[in-house]
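See structure below.
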Amino acid sequence: MSSAFTVRLEEPTLDALDRLAEKTERSRNWLVTRAVEDYVALNAWQLGKIEAGIAAADRGDFAAADEVARVKAKFSKTKSSGSKSSGSKSSGSKSSGSKSSEAKFAR
């Protein structure tokens, strides 16, 4: 059984929702229902992983020193090789940051 409730949205968000509904041939209600279901499922999954991690830490279930060193070495190599190529593209990364609100909603 479903229940109804009211959601207040800013005009730009509502306009974007209407455009998406038109392009996908879905109703506002369908889109909002899917968005809320996805949000709740994602956050429930995330909280479950956090709780499992805390429980493992409480049991003293940690990675061995050699495992930590291996992962640290892997990401240290990736980071140092990635920083060499990213130096020439620093202006590109700034432009992607300015569009973060668009990228969030486009998801």
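Values quoted throughout were computed directly from the atomic coordinates according to the rules given, and no laboratory measurement underlies them. Values in this document were obtained by computation on a predicted structure and should not be read as measured data. Quick reminder, even Gly has a Cβ in these numbers, built from the backbone with ideal geometry, and neighbours come from all protein chains shown.
Here the Karplus relation 6.51 cos²θ - 1.76 cosθ + 1.60, evaluated at θ = phi - 60°, turns the backbone of the stretch 32-47 into coupling constants of 5, 4, 5, 5, 5, 4, 5, 4, 5, 5, 4, 5, 5, 4, 4, 4 Hz, with x for every Gly and Pro. Karplus-derived 3J(HN,Hα) values for the stretch 14-26, using 6.51 cos²θ - 1.76 cosθ + 1.60 with θ = phi - 60°, are 5, 4, 5, 4, 5, 5, 5, 4, 5, 5, 9, 6, 10 Hz; glycine and proline are entered as x. A simple spin-label model places the labels of residue 50 and residue 9 2.7 nm from each other, with each point 7 Å out along Cα-to-Cβ. Along the stretch 54-67 the Karplus relation, 6.51 cos²θ - 1.76 cosθ + 1.60 evaluated at θ = phi - 60°, assigns HN-Hα couplings of 5, 4, 5, 5, 4, 7, x, 7, 10, 5, 6, 4, 5, 5 Hz to successive residues, with x for each Gly and Pro.
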